1. Of the conditions (1) without any contact (Cβ under 8 Å) to a residue 24 or more places away in the chain; (2) in contact with a helix residue (DSSP H, G or I) (Cβ under 8 Å, 6 or more places away or on another chain), residue 171 fails just one. Which one is it?
2. Select from region 28-45 the residues that are without any contact (Cβ under 8 Å) to a residue 40 or more places away in the chain and within 17 Å of residue 101 (Cβ to Cβ) and write down the one among them that is surrounded by the fewest Cβ atoms within 10 Å (Cβ to Cβ).
3. Which members of region 108-146 meet the condition of being assigned to a strand (DSSP E or B) and over 14 Å from residue 168 (Cα atoms)?
4. Among the residues that make up region 57-67, is at least one of them closer than 23 Å to residue 161 by Cβ and either at pLDDT 95 or above or outside any helix (DSSP H, G or I) (or both)?
5. Given (1) farther than 17 Å from residue 157 by Cα; (2) without any contact (Cβ under 8 Å) to a residue 40 or more places away in the chain, where does residue 136 come up short, assuming only one miss?
6. Of all residues being within 15 Å of the chain's Cα centre (by Cα) and part of a loop (DSSP other than H, G, I, E, B) in region 171-190, which is farthest from residue 129 (Cα to Cα)? Just the residue, please.
7. Kindly indicate whether residue 148 is at pLDDT below 95 and buried (at least 24 other Cβ atoms within 10 Å of the Cβ).
8. Residue by residue through region 85-130, note down the ones that are within 18 Å of the chain's Cα centre (by Cα) and on the phi > 0 side of the Ramachandran plot.
């Protein structure tokens, strides 16, 4: 994928910051059901895209350039973002869930854009420069989190887990791996 296509895709990806921000701003009894509803809608639309030719044609007309090859026959990354956010909301305490969701949005985008533009040192097909950007972005998110503060150990451990699971190739979508691994790390380090 070319650099400009990746920037366009990550700009759209950064829009998903509304998920952790919305989860932060909404009261708990309202936030989880809304997140559940959004996830169900995204999964339904994805299933329709995968199984209905007219919907698939319509979708690719508008978003085709942002879709990665592996997403053409699988769920979209955006659906995985919502699914991971939903799992974080139910699995972790609120400050950890919100921070883990934001790690995915900001850290993954930083890794992709910096890695594609400045990446020279390759590891697992990705760049160490992108990984450093991911770590710095995640750490910045944790430091700037406006709610109950996390400990330094949680911040560094969560950012390191998010960075590691963004870098290491695994068959599971990184939009699931990043936030869930960070949430588990921050929970264990509490």
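1. All conditions are met except number (2).
2. 33
3. Within region 108-146, none qualify.
4. no
5. (1)
6. 172
7. no
8. Across region 85-130, there are no qualifying residues.
The values are calculated or read from the model by the stated rules, or taken from the named source; none is laboratory data. Note that this is a predicted model, so its numbers are computed, not measured. Every residue, glycine as well, gets a Cβ built from its backbone with ideal geometry; the counts of neighbours run over all protein chains shown.
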